[in-house]
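Inspection log for the structure reproduced underneath, given as structure tokens.
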Amino acid sequence: MEKSKDFLLEIGTEEFPAAYIRSALSEIKKLMEEKLKEKGIEYSNFVIYGTPRRLVLKGEELRCKGKERFLEINGPSKDRAFDENNVPTGVAIGFAKKQGVRIEDLLVKNTKKGEYVYIKKKEPQEDTKKALAEIVPWIITSLNFPKTMRWVTGSNFQFARPIRLLLCLYGNKVVKFTFENIRSGNYTYGLYALSRQKVVVSLAEKYKEILRNNYVIVDMEERRKIIIQAITHVTGKTGGKILEDDALVEEINFLLEYPTAVLGKFPEKYLNLPREVLITCMRHHQKYFSVIDSEGNLLPYFVALRNGTSEYLEVLREGLEKVLVARFQDAEFYFKQDTGSSLEEKVEKLKKVVYHKELGSLYDKVERVIKVSEFIARKMERMDFRLSIVKRIAFLSKADLVTEMVKEFPELEGIMGKRYAIHSGEEDIVSEGIEEHYLPQSMEDGLPQTIETQMVSIADKMDTIVGNFCVGLIPSGSQDPYGLKKCAQGIIRIIIDKKWNLSLEELVNLSMGLFNLEEERRTLIKQRILKFFYQRIEKTFTFFQLSYDEISASLSIGFVNISDSFSRACALHRIRHLPDFIQLITLFKRAGNIVKQAEKEGKLKKDERLSREEHIVCGSGNIEVKTELLQEPAEKELWEVFNREIKKQTEELLKEGKYEEGLKVLLGLQGYINNFFDSVKIMVEDENLRNNRLTLLQNIVKLFLKVADFSKIVIEGKEETKKIDK
């Protein structure tokens with residue numbers, strides 16, 4: 001008898017959205033692996049395939065039976081099941097009888113609640129074929145998609161697209177089940193345009209070959225290579241090369257099952273249109289690849305891909321060329337219309353375009369962006385920039401949104417603004433700024449190149465965030481239709497990169513002040529915006545390889561100065577490998593715990609002068625250490641070194657933003673603090689003496705808190721001390 005067999009699942013559907021397929025396949029694989037592990041069924045490997053009409057999971061060497069497993073069934077507590085002489089009571093006898101075991105089979109284990117009786121019961125081995133018949137329908141119902149639909153009358157089941165067949169094999173046998181009136185089987189279909197006959201699949205390992213013979217390349221990685229080879233081959237006839245576009249290759253890969261490349265041509269006169277317009281017409285609207293020469297200039301060619309064989313390519317080529325030329329003719333008309341007036345003249349039209357019914361027109365938004373940009377400029381007055389350029393970029397930043405070209409091709413916003421600004425005779429820095437003020441839109445994006453544009457970029461993004469929060473359009477979970485997370489991330493990245501000393505709170509206050517809000521509502525919205533930024537700062541910092549505890553330690557004492565917070569987190573990251581760091585962190589945590597415990601017990605009053613963001617309760621009302629009350633040599637030595645050397649050096653370095661150097665100075669305290677804890681009893685009866693020692697610790701803790709809350713640092717492999725005082 002065979003011990004293992006291959007498994008095959010094909011979910012045949014109507015054409016899937018290309019963007020859904022990879023994530024759906026990954027989810028199917030993950031869910032299957034989890035379920036098989038849960039049932040103790042071993043396997044060698046799973047591979048995934050996908051096309052627009054099929055989601056495929058192939059498993060290799062699935063064991064026919066699951067592993068032997070034992071189930072623990074808990075019973076009564078030991079003191080109820082057995083008397084003081086360890087004789088079974090009626091409770092134990094009843095439990096054993098109910099479970100069908102002997103009294104001798106009862107076991108006892110220690111739990112958090114005490115000793116309890118239990119049994120180990122052998123579960124029957126899972127039959128793999130039977131288990132798969134249960135697992136597959138569960139997987140189908142468990143898949144998640146951005147948008148779903150119903151298609152079966154009377155059913156509430158939703159999927160990305162209607163399911164038309166379910167091919168499910170284990171070895172050469174059908175895994176039988178019915179799902180939404182569809183019976184699983186051993187057949188599929190080839191390429192829809194060429195073959196509508198059922199194709200029987202006898203074995204899972206023959207699946208790829210059978211589909212290939214019916215004009216379907218089911219392996220998406222193989223299909224991708226075919227696409228690249230095909231477009232490279234036909235492009236060679238032009239003397240040029242394909243304009244690289246991985247995203248378009250990925251999209252087309254999941255739009256086709258049997259790709260064939262077609263080379264087309266268009267009249268050279270259209271090369272007079274802006275390059276970006278031509279590429280957008282070809283790429284976004286027709287899914288064509290552009291062709292360029294060795295210097296990157298566009299050539300009057302394109303490459304398209306069809307689903308099928310190379311028959312009738314000439315007829316297809318003519319049709320593709322006609323469609324593209326019609327697009328170019330429209331673009332040419334729009335370009336002539338738009339260049340009939342200057343970009344500045346178009347700004348007035350923004351007054352007639354509603355940005356949001358509660359936030360006014362696009363012109364109102366532009367005015368707000370100008371004001372926030374000016375505010376940022378005043379904060380950066382020592383830097384080398386021109387305020388007039390800042391205002392000019394902000395003033396023209398949205399003018400292209402009313403052009404005919406951008407109305408037809410929204411993907412070109414900013415890009416056409418730059419083109420029309422050049423045509424209108426604007427300075428290069430202004431033209432570039434109009435395009436770049438949208439940057440960055442992802443962590444991979446570059447940043448605006450000039451200081452002037454960076455200011456406008458921050459102002460525009462801040463206005464978008466604040467405006468949306470004011471009207472209740474707040475991101476939730478993965479839902480962020482207005483891209484507020486990207487806006488926040490862009491602001492954070494620019495500030496970090498330029499090391500700007502900007503207060504996030506001041507920016508939010510100013511931006512909110514440009515909207516008509518009641519004071520109470522303003523306070524609530526501000527809190528929500530700052531919380532939102534805190535979360536985005538955390539997320540953005542992780543892209544710079546900072547660990548979670550370093551980020552938490554830095555942000556816990558303040559995050560409104562993003563650049564400063566980032567510098568402190570980086571300093572922590574760089575020094576945590578030093579030999580004395582772990583010991584110093586341990587001592588810091590102990591000091592913090594001591595004063596918190598004293599405050600909790602009412603032996604100390606909370607020092608209200610500490611920042612609410614410091615998140616550590618410590619200290620007495622008296623922050624001055626009385627040297628006459630220092631009795632022990634260890635406390636005298638600690639105070640002497642701290643007060644006369646460490647504190648002054650550290651504060652000077654921190655004032656200059658040299659956090660790493662300041663932390664290295666603080667590391668010099670490690671031996672003195674350790675000696676203090678070993679030699680000095682803190683919680684003595686004498687209140688004055690006790691408070692003086694606590695104040696000494698408070699001063700040290702407060703100095704550390706100017707960099708980070710070190711209690712947030714996780715010490716791997718070390719137990720934190722639980723001792724409050726010896």
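Quick notes on this structure:
- Net charge of neighbours whose Cβ lies under 15 Å from the Cβ of Asp79, counting Lys and Arg as +1 and Asp and Glu as -1: +1
- Accessible area of the chain belonging to carbon and sulfur atoms, whole % at 1.4 Å probe: 46
- From its DSSP helices (H runs of at least four residues, each -39,500 (n - 2.57)), the chain gives a residue-normalised ellipticity at 222 nm of -14500 deg cm²/dmol.
- Sorted peptide list for 153-160, 645-652, 656-663, criterion being average Cβ within 10 angstrom, highest first: 656-663, 645-652, 153-160
- Over the chain, accessible surface divided per residue gives 51 Å², non-protein components excluded, 1.4 Å probe.
- Using the Cβ-Cβ distance between Asp79 and Lys206 with R0 set to 51 Å, the FRET efficiency works out to roughly 0.20.
- Greater than 21 Å apart at Cα, pairs in Lys596/Lys655; Lys39/Lys121; Lys499/Lys648; Lys67/Lys122: Lys596/Lys655; Lys499/Lys648
- Computed with every protein chain present, the accessible area of Leu106 is close to 20 Å² [probe 1.4 Å].
- Qualifying lysines (Cα of each under 21 Å from Cα of Lys113; at least 8 residues distant if same chain): Lys78
- Neighbour net charge for Ile139 - beta-carbon separation under 11 angstrom, K R +1, D E -1: -1
- Heavy-atom accessible area order for Trp151, Trp639, Trp138, largest first, 1.4 Å probe: Trp138, Trp151, Trp639
- Lysine pair count for the range 370-476 (Cα-Cα distance under 14 Å; residues 8 or more apart in sequence or on different chains): 6.
- Whole-Å distance, taken between Cα centres, linking the range 18-43 and the range 235-309: 36
- Here r is the Cβ-Cβ distance between Phe333 and Asp480 and R0 is 35 Å; the resulting FRET efficiency, rounded to 0.05, is 0.45.
- Probe 1.4 Å - accessible area at Phe16, Å² to nearest ten: 10
- The Cα atoms of the chain give a gyration tensor whose axes a ≥ b ≥ c have a/c of 1.5 or more with a/b no greater than b/c, which makes the shape oblate.
- Note on surface exposure: Lys3, Lys391, Lys67 rank Lys3, Lys67, Lys391 by accessible area, highest first, 1.4 Å probe.
- DSSP beta bridges fully contained in the range 103-186 are about 90 percent antiparallel.
- If you take the Cα centroid of the range 76-98 and the Cα centroid of the range 406-473, the two points sit 76 Å apart.
- Taking every protein chain into account, the 1.4 Å probe leaves Met149 with about 70 Å² of accessible area, to the nearest ten.
- Taking a span of 27 Å or more along the helix axis (Cα atoms) and a mean Kyte-Doolittle hydropathy of at least 0.0 as the rule, the DSSP H helices of the chain that qualify are 451-470, 581-600.
- Nonlocal amide H pairs with Ile163, under 5 Å, H built at 1.01 Å: none
- Computed over protein heavy atoms with a 1.4 angstrom probe, the accessible surface ordering of Phe541, Phe335, largest first, is Phe335, Phe541.
- With a cut-off of 10 Å between beta carbons, the residues surrounding Glu115 carry a summed charge of +2, where Lys and Arg count +1 and Asp and Glu -1.
The values are calculated or read from the model by the stated rules, or taken from the named source; none is laboratory data. All of these numbers come straight from a predicted model, not from anything done at the bench. Note that we place each Cβ from the backbone using ideal geometry, even for glycine, and neighbour counts take in every protein chain shown. Note: accessible area is taken over every heavy atom of the protein model, side chains too, but ligands, DNA and RNA are not part of it. Shrake-Rupley method; radii C 1.70, N 1.55, O 1.52, S 1.80 Å.
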